[in-house]
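Trainee: Below is one structure. I have some questions about it.
The values are calculated or read from the model by the stated rules, or taken from the named source; none is laboratory data. The structure displayed is predicted, hence computed values, not measured ones. Neighbour counts are summed over all protein chains in view; Cβ atoms, including those assigned to glycine, are modelled from backbone coordinates with ideal geometry. Areas reflect the complete protein model, heavy atoms only, side chains present, ligands, DNA and RNA absent. Shrake-Rupley method; radii C 1.70, N 1.55, O 1.52, S 1.80 Å.
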Amino acid sequence: MKPFESFLAPRLNEFLAYRQSLGYSLDSIRDHLLLFDRYVIEKNAGWHSFEPDFFLDMRTNIKLGKNSVNANIWAVRNFFQFLIRQGHMKENPLQDIPLLKKNTIVPFVFSPSQTNQLLAAVSKRIRKTKYRFLRDLAFYNVVLLLARCGMRISEPLRLQRHHYRRDDRTLYIEKTKFSKDRLIPIPGEVVSEIENYLSVRQSILPDDDSSFLLVRTDQKPLRDHQIRFLFHQAVKDIGLDQPRRVIGNVNFLQPTPHSLRHSFAVNTLLEIRERGGNPQNALPILAAYMGHSEYKYTSVYLRVTDALSRKNLVDFSLWQERKE
């Protein structure tokens, strides 16, 4: 663990000890304070240096993304608030330092037809050799669960055999991102593919004793990086591979496995709208299905357009950039 080295080192250590006594984790905030500590040394700063201009320059000179710069300002601002309570400062020089405006994030969203094309491309990559067939079939089932059930990539990889309930057509998902378990119904298409996989697995691995629902031929669980590699290969196969684009304050994200989760949510809401329903009314149910801690996190999908609108927005932004 790197020590603080500026003249503020004793005060910084006192601040961290104080936060730790309150039960806060120090991992992230310590990194930001170390960056501040090094900046103080670099600028040969003293107590007299801590004016708003000093911190405006620091905010400009930090070579990090906007979110990280804002986190650094937040950490240092809290540190100086602590110094005020300790009687070392009278005013907080960061009190009126504004945070940087965050970039707008536009996730990549597959249209329903593009999702179908992606699944077909993954299916075509299933090799028919004895050693590869079961593993590739398991990979396909993972991508299918991401696409048809909006799962996070870690969730199908952790599924146990007893989590799958064929008769009820449900999956039980444990220990999600927000430490919430959930039981979800799954489409008939997913049930059929899981049943097919389990049948193949039984024929290839008659002495199978793995507790995982989806395994490789060696009975070991699947790995995150394997799914990501297959996903990106399939995206290239259907001509949708593209880099992340930053245009002004807008980040247009590239396709990733998590894009299938976004796409599931957006396309579900679009389908409800097309049927004449109100997508707003579906948010609590969709939030529970996807494992969000609060449905306000699901409401962001109401502001995400479908794939066609996203393409138009990218094209317009590029045209505007060239025009300027």
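Trainee: Run the simple label-point estimate for residue 67 and residue 132 please: 7 Å along Cα→C-beta, distance reported in nm.
Mentor: Reported label-point gap for residue 67 and residue 132 is 3.7 nm.
Trainee: Something else now. Please work out how much length the chain gains when fully extended from residue 18 to residue 168, using 0.36 nm per residue of separation minus the C-alpha to C-alpha distance, in nm with one decimal.
Mentor: 48.9 nm
Trainee: Quickly work out the residue 199-to-residue 223 label distance, labels modelled 7 Å from Cα along the C-beta direction, and quote it in nm with one decimal.
Mentor: Distance between label points: 3.2 nm.
Trainee: Hey, another quick one. Along the range 82-91, what does the Karplus equation 6.51 cos²θ - 1.76 cosθ + 1.60 (θ = phi - 60°) give for ³J(HN,Hα), rounded to whole Hz, x for Gly and Pro?
Mentor: Karplus values, whole Hz, x for Gly and Pro: 5, 4, 5, 5, 7, x, 8, 9, 9, 9.
Trainee: Also, quick follow-up: Take the Cβ-Cβ distance between residue 181 and residue 210 as r, set R0 to 22 Å, and report the resulting FRET efficiency rounded to the nearest 0.05.
Mentor: 0.50
Trainee: Go through 141, 111, 95 and say which Cα lies farthest out towards the positive end of the charge dipole of the range 91-181; charges sit on Cβ, +1 for Lys and Arg, -1 for Asp and Glu.
Mentor: Value: 141.
Trainee: Within the range 144-194, report the GluC sites (Glu not before Pro) that DSSP leaves as loop and that have at most 15 other Cβ atoms within 10 Å.
Mentor: Those satisfying the criteria are 174.
Trainee: Continuing with this model, one more query. Run through the range 204-252 and list the trypsin sites (Lys or Arg not before Pro) located in a DSSP loop whose Cβ has at most 13 other Cβ atoms within 10 Å.
Mentor: Sites meeting the loop and neighbour criteria: 223, 244.
Trainee: On full extension of the chain, what length is gained from residue 86 through residue 288, given 0.36 nm per residue of separation minus the C-alpha to C-alpha distance?
Mentor: Extra length available between residue 86 and residue 288 comes to 68.2 nm.
Trainee: Can I ask one more? With a Förster radius of 41 Å, plug the Cβ-Cβ distance of residue 51 and residue 250 into 1/(1 + (r/R0)^6) and report the FRET value to the nearest 0.05. Don't skip to the answer; put the middle values down first.
Mentor: Numbers: r = 34 Å, r/R0 = 0.83.
According to the calculation, E is roughly 0.75.
Trainee: To the nearest 10 degrees, how steep is helix 112-124 against the longest Cα principal axis of the chain, on a 0 to 90 scale?
Mentor: Between the helix axis and the principal axis of the chain, the angle is about 70 degrees.
Trainee: Out of the total accessible area of the chain (probe 1.4 Å, heavy atoms of protein only), what percent is carbon and sulfur? Before the final figure, lay out the partial values.
Mentor: Details: 8980 of 17960 Å².
Roughly 50 percent of what the probe reaches on the chain is carbon or sulfur.
Trainee: Under 8 Å for C-alpha pairs, at least 6 residues apart: give me the relative contact order for the chain, rounded to a whole percent.
Mentor: 19
Trainee: Shape of the range 110-159 from its Cα gyration tensor (a ≥ b ≥ c, root eigenvalues): rounded if a/c is under 1.5, otherwise prolate when a/b > b/c, or oblate?
Mentor: Working: a/c = 3.98, a/b = 1.25, b/c = 3.18.
Oblate.
Trainee: Write down the accessible area per residue of the chain in Å², having rolled a 1.4 Å probe over the full set of protein chains.
Mentor: With the other protein chains kept in place, the chain gives 55 Å² per residue.
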